[in-house]
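Some notes on the structure that comes next.
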Amino acid sequence: VEIVRDAALAVEFAHSKGIIHRDLKPSNIMVARQGGRTYVMDFGLARPVRDQETVTLSETIVGTPSYMSPEQARGGSVDRRADVYSLGAVLYVALTGRPPFSGRSPAETLMRVISEDPVSPRRTNPRVHEDLETICLKALEKDRKRRFESARAFAEDLGRYLEGEPITAR
């Protein structure tokens with residue numbers, strides 16, 4: 001949870017510079033052996049946001065299917081909340097040991113991302129705290145308007161959870 005929180009803060013920094021990552025996944029989050037600092041890697045698919053709040057994908061779906069937001073999986077416009085969704089998928093893997101969606105092919109996975117709800121993390125791992133599940137599922141909302149507004153808001157709720165304080169996610 002601490003690693004995902006720290007990754008969310010790093011992503012927030014990228015967002016503050018006008019960059020949307022678009023390919024957040026566990027293999028793109030590294031932790032230094034000394035000091036334990038968290039790094040977000042591989043900005044190869046990242047795109048700057050110019051005058052608008054969103055980046056339109058020109059009829060090309062880019063990213064890793066199991067970690068894509070529904071709008072990204074549809075090939076639509078993405079904004080910083082697409083990265084929040086991907087961070088939620090990374091948290092889901094940390095809690096359950098598997099991504100929220102997978103299929104026999106990338107296309108099948110994308111269809112599940114678009115049309116299905118994730119299985120409750122507590123159903124897969126009963127040791128997951130209810131508040132942590134709530135935070136994770138809010139980040140994985142299909143409707144981006146219902147997700148955390150920013151990676152910072154996501155990180156802050158994870159921080160509240162870690163400190164034993166009431167979370168804001170519902």
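Scanning the stretch 15-44 for residues that are closer than 19 Å to PRO65 by Cβ, assigned to a helix (DSSP H, G or I) and not hydroxyl-bearing (Ser, Thr, Tyr) yields PRO26, ASN28. Summed over the stretch 118-170, residues that are open to solvent by less than 60 Å² (accessible area, probe 1.4 Å), part of a helix (DSSP H, G or I) and hydrophobic (A, V, I, L, M, F, W, C) total 10. All conditions but one from (1) surrounded by fewer than 17 Cβ atoms within 10 Å (Cβ to Cβ); (2) in contact with a His (Cβ under 7 Å, 6 or more places away or on another chain) apply to ASP83; the one that does not is (1). Consider the stretch 91-117 and keep the residues that are in a helix (DSSP H, G or I) and of a type in the set (Ser, Thr, Tyr). The one that is nearest to LEU24 (Cα to Cα) is TYR92.
The values are calculated or read from the model by the stated rules, or taken from the named source; none is laboratory data. Since the structure is predicted, the reported quantities are computational estimates derived from the model, not experimental observations. Neighbour counts run over all protein chains shown; Cβ positions are idealised from the backbone, glycine included. Just the protein is used for accessible areas: all its heavy atoms, side chains included, with ligands, DNA and RNA removed. Shrake-Rupley method; radii C 1.70, N 1.55, O 1.52, S 1.80 Å.
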